[in-house]
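A.B. asks: Here it is, the structure, as structure tokens.
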Amino acid sequence: MSEQKHGFATRAIHDGQAPDPQTGAVNVPLYLSSTYAQEEIGRHKGYEYSRVSNPTRDALETNLASLEGGASGHVFASGMAAIMAMITMFKSGDHVICGANVYGGTPRLFNQIVTRYGIEFDYVDTSDPENVRRAIRPTTKLVHIETPTNPLMTLTDIRAVADICHDKGVELAVDNTFMSPYFQRPIELGADIVMHSTTKYLNGHSDGLGGVLIGTKPEHKENFAFVQKCTGGILSPFECWMILRGVKTLAVRMKQHDESGRRVAEFLAGHKKVAKVFYPGLPSHPGHELAQKQMTGFGGMISFETGSLENANKLLTSVKVCTLGESLGGVETLISHPATMTHAAIGAEARAQLGITDGLVRISVGIEEVEDLLYDLEQALNSI
Ligand SMILES: *Cc1c(COP(=O)(O)O)cnc(C)c1O
């Protein structure tokens, strides 16, 4: 399959997934094999041991690299394992700049584990790219951002930050989990590395964990493959097969997440019990214009303010179609409370600084009938 000629949905279904040459099976087989028979000393079919490589994993890595427009893909046991694999590129004394408002597990990993090895971190509000320029030091190696951020949906101009990074010889990594490559392709905007928790939209069915690093340079490919081989935090063939299956419907799923997301955001914005809605698709959102420039949709992630912990809890215990739970990006609507769930680990002070209040609720709009979601939220809001 030529990557240039085909559109996104075609690549999602075909890239890395040519019919099996032996049997004609249209799906990539699930290769549950730890090892591979060799013909003679030093002669084999390209596979020796599954920590190093596995045909099902290869298919997924090829597919995801194509969807992001990158040169290589490497999958890991979870999104956090992928971020950790990326960080192993650096050594003691190196400096990394991270967005101030990212997935809670990311600063936990950096501050509580990685700093033990002498790598230094600074957290800056990347919604103003000039903050990135000011934070860059001679030892800075990487800027790691999320856009839109979790959970406040703040946008960062990827191209502007990439230009600043490249000016200073620094690489830019973007955690693209919230948008998926269907709505945002950071590499086309100048990013050097794209990371995903495949647990979310890429797999899409809330039934498996995974993470991926998409690289653009030969040294990324070499580095990330070496980390897979040396540290072993690889994605199992079964999970790879699940994600290959999930990604085939990514385009149609994302279209529906976006369509329903817009409806739910408008509904919430017009509801008297909702003080504020954070969704880049709303014209009132400070990043609305940038969203239209660097994304091709707004997606299904929305946060909104209910006013208090008590109100949030009333809402969260009254929903019947929406499921109270962590995570996002599945076909089912998930609703959560960032202050006590995804962002509990960063502490009350950091939450206050970012504006993550006790009344804030986050919703990952699924692909159920949107009328059912609106009815469910209406009855739950009326309980406040
Ligand atoms: C979930 C998530 C992660 C972590 O991924 P896991 O698969 O849970 O390890 C990282 N970044 C973002 C934006 C996420 O939503």
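The values are calculated or read from the model by the stated rules, or taken from the named source; none is laboratory data. Keep in mind that this is a model prediction, so the values were computed, not measured. Cβ placement follows ideal geometry from the backbone for every residue including glycine, while neighbour counts extend to all protein chains displayed. Side chains included, ligands, DNA and RNA excluded: accessible areas come from the protein's heavy atoms. Shrake-Rupley method; radii C 1.70, N 1.55, O 1.52, S 1.80 Å.
A.B. asks: Highest GNM mean-square fluctuation, the chain, Cα pairs closer than 10 Å: which of 123, 182, 31?
C.D. replies: Of 123, 182, 31, the most mobile in the Gaussian network model is 31.
A.B. asks: Who wins for biggest fluctuation among 373, 142, 290 in a Gaussian network model of the chain, springs between alpha carbons below 10 Å?
C.D. replies: Judging by the Gaussian network model, the answer is 290.
A.B. asks: Over the Cα atoms of the stretch 1-150, compute the convex hull volume and normalise it per residue, giving Å³. Can you show the working numbers first?
C.D. replies: Numbers: hull volume 27.2 nm³, N = 150.
Spelled out: Cα convex hull of the stretch 1-150, divided by residues, is 181 Å³.
A.B. asks: Also, I was wondering about something else. In whole Hz, with x marking every Gly and Pro, tabulate ³J(HN,Hα) for the stretch 96-104 from phi via Karplus 6.51 cos²θ - 1.76 cosθ + 1.60, θ = phi - 60°.
C.D. replies: Per-residue couplings from phi come out as 10, 9, 10, x, 6, 10, 10, 3, x Hz.
A.B. asks: Here's a follow-up. Have a look at 140, 216, 81 and report the one farthest towards the positive end of the charge dipole of the chain, computed about the Cα centre with Cβ charges (Lys/Arg +1, Asp/Glu -1).
C.D. replies: 140
A.B. asks: In a GNM of the chain with a 10 Å cut-off on Cα contacts, which of 358, 125, 167 has the highest mean-square fluctuation?
C.D. replies: The residue that fluctuates most here is 167.
A.B. asks: Going by amide H atoms built from the backbone, whose H comes under 5 Å of the H on residue 171, apart from near neighbours?
C.D. replies: 142, 143
A.B. asks: With the cut-off at 1.5 for a/c, could you classify the stretch 1-85 from its C-alpha gyration tensor as rounded, prolate or oblate? Walk me through the numbers on the way to the answer.
C.D. replies: Numbers: a/c = 2.10, a/b = 1.25, b/c = 1.67.
Oblate, since a/c reaches 1.5 and b/c is not below a/b.
A.B. asks: Restricting to the stretch 88-227, what percent of DSSP beta bridges are antiparallel, rounded to 5? It would help to have the intermediate numbers written out before the result.
C.D. replies: Working: 5 of 22 bridges.
Here the antiparallel bridges make up roughly 25 percent for the stretch 88-227.
A.B. asks: Spelling out what I want: for every residue of the stretch 343-357, take phi, set θ = phi - 60°, compute 6.51 cos²θ - 1.76 cosθ + 1.60 (Karplus), and round to whole Hz; glycine and proline get x.
C.D. replies: Ordered by residue, 3J(HN,Hα) equals 10, 5, 5, 7, x, 4, 5, 5, 5, 4, 4, 7, x, 8, 7 Hz.
A.B. asks: Would you calculate a helix-derived [θ] at 222 nm for the chain, using -39,500 (n - 2.57) for each DSSP H run of n ≥ 4 and dividing by the full residue count, to the nearest 500?
C.D. replies: Working: 14 runs with 141 residues, N = 384.
Helix-only estimate at 222 nm: -11000 deg cm²/dmol.
A.B. asks: Quantify, in whole percent, the carbon and sulfur part of the accessible surface of the stretch 8-247 (1.4 Å probe; protein heavy atoms only). Spell out each step's value before the answer.
C.D. replies: Details: 5160 of 9750 Å².
Heavy-atom surface of the stretch 8-247 belonging to carbon and sulfur, 1.4 Å probe: 53 percent.
A.B. asks: For residue 230, what accessible area in Å² do you get when you roll a 1.4 Å probe over the heavy atoms of the protein chains, rounding to the nearest 10?
C.D. replies: Here the accessible area works out near 80 Å².
A.B. asks: Which value, in debye to the nearest 20, describes the size of the charge dipole of the stretch 8-247 about its Cα centre when Lys and Arg Cβ atoms bear +1, Asp and Glu Cβ atoms bear -1, and nothing else is charged?
C.D. replies: On the way: 20 positive and 26 negative charges, 67 e Å.
Computed charge dipole of the stretch 8-247: roughly 320 debye.
A.B. asks: Using only Cα atoms, locate the centre of the stretch 312-349 and the centre of the stretch 274-295, then give the distance between them in Å, rounded to an integer.
C.D. replies: Cα centres, the stretch 312-349 to the stretch 274-295: 21 Å.
A.B. asks: Considering only DSSP beta bridges whose two residues both sit in the stretch 276-373, what percent are antiparallel, to the nearest 5? Each step should come with its number before you reach the end.
C.D. replies: Details: 11 of 13 bridges.
So the antiparallel bridges amount to about 85 percent of the total.
A.B. asks: Let me ask another. In the stretch 251-381, if every C-alpha pair distance is counted and binned at 5 Å from zero, what percent goes to each bin?
C.D. replies: 2, 11, 21, 24, 21, 14, 6, 1, 0
A.B. asks: Let me check the size of the stretch 301-361 from its C-alpha atoms; what are the radius of gyration and Dmax in Å?
C.D. replies: Cα radius of gyration and Dmax of the stretch 301-361 are 11.5, 34 Å respectively.
A.B. asks: Over the chain, with the other protein chains present, what is the accessible area per residue in square angstrom, probe 1.4 angstrom? Write out the running numbers ahead of the final one.
C.D. replies: Details: 16360 Å² over 384 residues.
The answer is 43 Å² per residue.
A.B. asks: Here's something else I'd like to know. Calculate how many DSSP beta bridges within the stretch 8-247 are antiparallel, expressed in % of all such bridges and rounded to the nearest 5.
C.D. replies: On the way: 13 of 30 bridges.
Rounded to the nearest five, the antiparallel share is 45 percent.
A.B. asks: Quick check for me: using +1 on Lys/Arg Cβ and -1 on Asp/Glu Cβ, what's the dipole size of the stretch 266-384 about its Cα centre, in debye to the nearest 20? Before the final figure, lay out each step's value.
C.D. replies: Details: 8 positive and 14 negative charges, 72 e Å.
Once rounded to the nearest 20, the dipole reads 340 debye.
A.B. asks: Using only the heavy atoms of the protein chains and a 1.4 Å probe, how would 149, 216 rank by accessible area, largest first?
C.D. replies: Of 149, 216, the descending order of accessible area is 216, 149.
A.B. asks: Choose one of 126, 352, 107: the residue whose Cα lies farthest towards the positive end of the charge dipole of the chain (beta-carbon charges +1 Lys, Arg; -1 Asp, Glu; about the Cα centre).
C.D. replies: So the residue we want is 107.
A.B. asks: From the square roots a ≥ b ≥ c of the eigenvalues of the alpha-carbon gyration tensor of the stretch 115-169, which class results: rounded (a/c under 1.5), prolate (a/b over b/c), or oblate?
C.D. replies: oblate
A.B. asks: Restricting to Cα pairs below 8 Å that are 6+ residues apart, what does the relative contact order work out to for the stretch 251-381? Please round to a whole percent.
C.D. replies: Working: 217 pairs, mean separation 38.8, N = 131.
30 percent.
A.B. asks: By how many degrees, between 0 and 90 and to the nearest 10, does the Cα long axis of helix 370-381 differ from the longest principal axis of the chain?
C.D. replies: Taking the Cα atoms of the chain, the angle to 370-381 is about 50 degrees.
A.B. asks: Using a 1.4 Å probe and counting only protein heavy atoms, arrange 332, 266, 48 so the residue with the most accessible area comes first. List each step's numbers first, then the result.
C.D. replies: Values: 332 55, 266 120, 48 95 Å².
Descending accessible area places them as 266, 48, 332.
A.B. asks: Sticking with this structure for a sec: Calculate the tail of P(r) for the chain: the fraction of all Cα-Cα distances greater than 39 Å, expressed in %.
C.D. replies: 17
A.B. asks: Which of rounded, prolate or oblate describes the stretch 258-307 when judged by the alpha-carbon gyration tensor and an a/c cut-off of 1.5? Before the final figure, lay out each step's value.
C.D. replies: On the way: a/c = 2.52, a/b = 1.70, b/c = 1.48.
Cα axes put the stretch 258-307 in the prolate bin.
A.B. asks: Keeping every protein chain in place, order 113, 119, 234 by accessible area at 1.4 Å, biggest value first, i.e. largest first.
C.D. replies: Numbers: 113 65, 119 10, 234 40 Å².
Ranking 113, 119, 234 by accessible area, largest first, yields 113, 234, 119.
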